[in-house]
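Structure record follows, encoded as structure tokens.
Nothing in this text is a laboratory measurement; each read-out follows from the coordinates by a stated rule. Computed from a predicted model, the values in this text were never measured in an experiment. When we count neighbours, we look across all protein chains shown, and the Cβ atoms used for this are built from the backbone with ideal geometry, even at glycine.
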Amino acid sequence: MKASDRILKSHVSIMRHNRFCAWAGLLACGEVQITEEIPTACTDGWNVKYNPDFVGKLSEPELNLLVLHEATHKAYQHMYVWKDLWKEDAQLANIAADHFTNLSLIDLDQGENFVRMPKEGIQPDPQYRGMSVSQIFELLKQNPPPKPPEGSGKGEAGEGVDSHDWDSPGNVPANEMASRSEEIGRAMRNGEMVQRKMRGNAGGDSDGVFGDLLTPKIDWRKVLRDFITETCAGRDESSWRRPNRRYLADDVYMPSSVGATMTELVIGFDTSGSCFGGAEMARFVSEITRIVEDITPTKTHVIYWDTRVAGHQTFEEGQFAVQQLKPKGGGGTRGEVLFDYLREKHINPQAIVQFSDGHVGDWGTSTWPTLWALTTTLKAPYGTTVHLGI
């Protein structure tokens, strides 16, 4: 069987698998090329190349792992997100990315033998289980592997089951990179839907296949801006009756925006015991301040909750200072209490931003546009989820 036919057969097997079908959409992102220009396989995070001789000597489980290996690099956009690590130490960046990828796939296989590691490549090491590429990279720096001998033909160490094209993403226009990222995101969401359908589970959480996706360097403020723009599109209009305070200090009289951006915003503040008084709380306060300053809602509700609503502050016309925040709580967690409270009090915001660690028990239901800003790699079952670093 030709290499192209074997790869196609592997794609079909992956699409039919009740767990690995989550990668189905990713397999269609970019182009697949069969070429002898590379020794094994290679990806730039979008396109994938395979050496026909290398493909020919792999068993079906080994080929499945290779195909999924390249798709996982795409999903996490390793060649783009972690390029700074590659610039710092190309050898360790390659190895760290492959440790993460191979361990994830072998763990998800659960001993079924749908995937199997070839003798080439970075063998899964359980000491790195649950770590990000960056965390693995830092550990490798403390105990670096030997450099490949000169004349070995291996180039950068860590190139076993595949090589990584870190340069190509830098030559792609920014708008094209954004388009690729969006398509990858859609492919992953579609894959999760297919997975749930095949498992007969229309709801519920995913099993963490793409758990910490893009957590390391995501610009969550851009996500917030896009979220607000989509929620309040077409509401801006200028008024000279209310001068823009931003320019008054310079004796410049400019119109303000009436009903612009956001008329009423609810900010949910998880003050359960896992967040209260810790790094999470400090991060929440910092980001809430920035939201109010950047968006300047006409009315902002900051609502503190654990197993109940423990406090509710309202700020009018952007009149907000961080020292005015008075978090209350420290108990357990019930994620639905904020939404129940809004219905009870007949508060009808244009949007809700929920700050939490994601350990909320019941997520509740929201009939409003909702953005979850989480400090963990959990994903809310509805709304938009973005991850905050601590």
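The length gained by stretching the chain between Leu8 and Leu139 to full extension, at 0.36 nm per residue less their Cα-Cα distance, is 43.4 nm.
Sites listed here are GluC sites (Glu not before Pro) in the stretch 103-148 whose DSSP assignment is loop and whose Cβ has at most 14 other Cβ atoms within 10 Å: Glu112.
Across the stretch 106-123, the residues whose backbone nitrogen lies under 15 Å from the label position 7 Å along the beta-carbon direction of Glu60 are 112-116. The base-10 log of I(q)/I(0) for the stretch 3-198, evaluated at q = 0.09, 0.10, 0.11, 0.20 Å⁻¹, reads -0.31, -0.39, -0.47, -1.66 [Debye formula, identical scatterers on Cα atoms, solvent excluded]. Relative to the current alpha-carbon distance between Lys197 and Glu37, full extension at 0.36 nm per residue lengthens the span by 53.6 nm. Taking other Cβ atoms within 10 Å as a rough exposure proxy, Ile7, Ile267 sort from fewest to most as Ile7, Ile267. As a proxy for reagent exposure, Thr307, Thr72, Thr367, Thr40 were ordered by neighbouring Cβ count within 10 angstrom, fewest first; the result is Thr367, Thr307, Thr40, Thr72.
Each label was represented as a point 7 Å from its Cα along the Cα-to-Cβ direction; for Thr365 and Asp107 these points are 3.4 nm apart. The ranking of Thr43, Thr365 by Cβ neighbour count inside 10 Å, starting from the fewest, reads Thr365, Thr43. Taken over the stretch 257-388, the percentage of Cα pairs per 5 Å bin, counting from 0 up to the bin with the maximum distance, is 2, 11, 23, 26, 22, 12, 3, 1, 0. Suppose R0 equals 41 Å. What FRET efficiency, 1/(1 + (r/R0)^6) with r the Cβ-Cβ distance, do Asp340 and Gln127 give to the nearest 0.05? For Asp340 and Gln127, the calculated efficiency is 0.40. Full extension of the chain between Asn18 and Lys119 yields a length gain of 33.7 nm, computed as 0.36 nm times the residue separation minus the alpha carbon distance.
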